[in-house]
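Data first, discussion second: the structure below is written as C-alpha cells.
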Amino acid sequence: MRTLLQTRWLRPLGRLEKLTWAVNLFVIAGMLTLGYTIGAFTNTSKPIPTLMSTGKIDITVASGTDPTEASAGIINFNNTQPGQTQENAITIGNTGTLPFTYSVSAALQGDQPLFDAIQAEIKNGQDQIIYSGSLSGLTQPQTIADRVPAGSSDSVSFRVWLPDNAGPELMDKKGTATFSFVASQLRAPQESQ
C-alpha cells in the first residue's frame, strides 16, 4: 500500500511542472482581469427633468356676445300668447386650456302640454340649425359645436315661440326650462406607429 506522499499528486513538483503551473495561473488571472476590466466601463447622463401636467376644460355661458357676462336666463317667456316669439343670442366661452365639444339639453318642470306646444330652434355660430322641434324634445342632449379651441368662444342663437294655432287648453300653464351646456374633452389625435 502506498502512502499519501507517494501518490502522484502529493509528490514534489519538478522545475518544468512549477513553471507550467505558474504560466497557467498567470494566463487565467490575466483573462479574469481583462474580462472584468472590459465590462467595467459605465456612464450615466445627468438627470433631465421632464415637466408633466394635464390640461382642463372650462365652459362659460353668457347672454349676449360677452362670454364673461352672467346670464340671467336664456329665454324669458312670460305671459306668452299664441304667435309670440322670443329670441336670444348666447356666447359659449372656452376659458380652459384644451379644446372641447359641447351640447345643450333642457330639464323641464311644470305643465307638460306647454312644453309640447312651445317650439324651439337652435342655431350654431355658422347659422346652421342644430335643433328644431318642441321644447320637450330638448330633454335629449343636442351637440352644438364639434370643436371650440381653448381661449375662444362660440355663438348660439335660441328662438322659441308659441304657435298661432295654440288652443285655450294652454291658458294659464306654467313651467321652467333649465338649459344645461355640457363641454366634453376632445380625444387627442393618435400618433401613427
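Using the Cβ-Cβ distance between Q109 and S152 with R0 set to 30 Å, the FRET efficiency from 1/(1 + (r/R0)^6) comes to roughly 0.35. Seen from a random direction on average, the alpha-carbon convex hull of the range 77-146 projects onto 5.8 square nanometres. Quick one: net charge around Q109, please, counting Lys, Arg +1 and Asp, Glu -1 for every other residue with C-beta under 15 Å from its C-beta. Charge balance in the 15 Å sphere: 0. For the range 87-193, the relative contact order comes to 44 percent (Cα pairs under 8 Å, sequence separation of at least 6).
Measuring r between the beta carbons of D58 and Q140 and using R0 = 22 Å, the FRET efficiency lands at 0.35. Would you tally the net charge around F158, using a Cβ to Cβ cut-off of less than 12 Å, leaving F158 out, and scoring K and R as +1, D and E as -1? Net of charged neighbours comes to 0.
At an R0 of 45 angstrom, the distance between the Cβ atoms of D127 and N78 translates into a FRET efficiency of 0.95.
Each reported figure results from applying straightforward, stated rules to the coordinates on display, with no laboratory input. Note that this is a predicted model, so its numbers are computed, not measured. Please note: Cβ atoms are built from the backbone with ideal geometry, for glycine as well, and neighbour counts cover all protein chains shown.
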